[in-house]
Every structure is written in C-alpha cells, then in structure tokens.
Amino acid sequence: MSQVIKNLASGPVPPAVATSYPTDINSPAIPAANVLNVVGGTVTTDNDNGIQTDGSSGSNTLTVQLTNRAVGTTTTVGAVTAAVITFPLGAIPGVYTFDITIAGYASAGIGSPLGCGFTIVGSVRTDGAAATLIPTQVVDHFEEGTLGAAPQVTAALAVSGNNALVNVTGKTDGAAGFTINWKASLIYTLAT
C-alpha cells in the first residue's frame, strides 16, 4: 500500500469550497455560508460571445447572462398597433441586424382561441441620434383560422427617433376586437 504525504510547509491547505468567483462584470461573486446562488438572465449588452457572467459586486449571486437580446410583451384589442419591444440604439453610430420571433395568442374574438407567429429578419442603422430602417426586412408569418383572413394580424420592424421597434397589429372580428396577447424576443448583431 502506498501513501501520499503532502508537504504542509509549502503553503496553506486550499479551502474545501471556493471563497471567490471572478466574473466578467461586477466581479466577484462570493459565497455566503458556502452557498452561491447561480441564476440565468438576459441583457441587451453587446457582447460578441453572446454570454457573460455577473457577480453582482460581491454578493453571493452569480448570474449567467445571455447577451445581445431583448424580450417584451403587450396586448392588443382590435386593429391597433403596439410596440412589443422598444430597443434603444444608443449614441454610437452603427448598424444592428435583428433576428426576431413573435408569438400571439388570441384569447377572445370569433373562433378563439387562435394563434399566430412571426419571424422577422431586418436591419437598422443609427447615426447616434436617429434611426433609419434598412430595406428590405423579411417577415414570415403563421396565422390560424380567422387571424389569417383579411385584414390579417401583422408584425414588422420599425423605427422611431433613435429606437428600433417591434410592432404588432391586432384585428377586429366584425363584431368586436380580438384580444391578442403578444410576446417577442430578439437577438442582434452590431457593427460600429
């Protein structure tokens, strides 16, 4: 039988649990009573890797964040247009290319419940003060039942001021408006 003998004179014995975790931002995350809470999240921060860690400036929470993304929700009643995501473009000139997914659930209206979905790929340029929509965005749409009949529900990438908007438009059903709950997410790439 063999034994390994550690030379204790060469330094202290390492702790059984790490005492500090370096992170990408707000470093470090420091366990409290040997507990480190690890949670997930999303942020709009531009990061070429698409992921970063946030140590919450020394708390015992480490957040693993997916970057370059935004999410939003809204509800429309009838044929109104609403921004499900308003994305501020910032003061640095550049071009954003967006990959957007949208889901809509019609909870009230003729034939409901009904569903619809959209994917949008489009680009917006900013000079740091005003946004310009770059032609031509590609919109794929999927509508069920009367949501697909004219006038259809719609979704589009738009601009206002120095913001990119993800707009959705509900519809009426002849007697009353459809109530549609919308949820959208976007991922972007930025060139400056």
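Please give the contour-minus-distance gain from Asn181 to Val77: 0.36 nm per residue of separation, less the Cα-Cα distance, rounded to one decimal in nm. It would help to have the intermediate numbers written out before the result.
Details: separation 104, 0.36 × 104 = 37.44 nm, distance 0.90 nm.
36.5 nm is the gain from fully extending Asn181 to Val77.
Give me the one-decimal Kirkwood hydrodynamic radius in Å for segment 61-183, with the sum taken over alpha-carbon pairs. Working shown, then result.
Working: mean 1/r = 0.0653 Å⁻¹.
Across segment 61-183, the inverse of the average 1/r is 15.3 Å.
Place a point 7 Å from the Cα of Ala158 along the Cα-to-Cβ direction; which residues of segment 119-136 have their backbone N under 19 Å from it?
Correct set: 119-126, 130-136.
When the accessible area of segment 21-163 is computed with all protein chains present and a 1.4 Å probe, what percentage of it is carbon and sulfur?
Details: 4130 of 7220 Å².
C and S atoms contribute 57 percent here.
Please report the base-10 log of the normalised intensity I(q)/I(0) for segment 1-145, using a Debye sum with one equal scatterer per alpha carbon and no solvent, at each q in 0.09, 0.15, 0.20 (1/Å).
So the normalised log intensities work out to -0.53, -0.98, -1.20.
For a quick check, take a GNM of the chain with Cα springs below 10 Å and name the residue from Val64, Val13, Val38 with the largest mean-square fluctuation.
Most flexible of the set in this elastic network: Val13.
Which net charge results for the neighbourhood of Gly90, defined as the other residues with beta-carbon distances under 13 angstrom from its beta-carbon, given Lys and Arg at +1 and Asp and Glu at -1? Show your work: numbers first, answer last.
Details: positive: Arg125; negative: Asp46, Asp127.
My count for the surroundings of Gly90 gives -1.
Determine the principal axes of the Cα atoms in segment 126-192, then give the extent along each, sorted from largest to smallest and rounded to whole angstroms.
48, 21, 21
Among Asn68, Asn167, Asn34, which one moves the most in a GNM of the chain with springs linking Cα atoms closer than 10 Å?
Greatest mean-square fluctuation among the candidates belongs to Asn34.
Which residue, Ala70, Ala130, Ala18, tops the fluctuation ranking in a GNM of the chain built on C-alpha contacts under 10 Å?
Among Ala70, Ala130, Ala18, the largest GNM mean-square fluctuation belongs to Ala18.
Kindly list the residues of segment 70-101 that lie in the label zone of Thr172, defined by a backbone N under 14 Å from the point 7 Å along the Cα-to-C-beta vector.
77-81
Evaluate Rg over Rh across segment 44-99, taking Cα atoms for both radii and Kirkwood's formula for Rh. Write down the numbers at each step before the final one.
On the way: Rg = 15.8 Å, Rh = 14.4 Å.
Ratio of gyration radius to Kirkwood radius for segment 44-99: 1.10.
Find the accessible area per residue for the chain; the probe is 1.4 Å, ligands and nucleic acids are left out, and the unit is Å². Walk me through the numbers on the way to the answer.
Numbers: 10470 Å² over 192 residues.
I get 55 Å² per residue for this part.
Measure off 7 Å from each Cα along the Cα-to-Cβ vector at Ala130 and Ala103, then give the distance between these two points in nanometres to one decimal.
Here the modelled spin labels are 3.9 nm apart.
For the peptides 139-152, 49-62, what is the packing order when you average, over each peptide's residues, the other Cβ atoms within 10 Å and list the highest mean first? Intermediate values should be presented prior to the final figure.
Details: 139-152: 14.4, 49-62: 15.9.
Ranked by mean Cβ neighbours within 10 Å, highest first: 49-62, 139-152.
The values are calculated or read from the model by the stated rules, or taken from the named source; none is laboratory data. Computed from a predicted model, the values in this text were never measured in an experiment. No Cβ is skipped: glycine too gets one built from the backbone with ideal geometry, and neighbour counts run over all protein chains shown. For the accessible areas, the whole protein counts, side chains as well, though only heavy atoms, and no ligand, DNA or RNA atoms are used. Shrake-Rupley method; radii C 1.70, N 1.55, O 1.52, S 1.80 Å.
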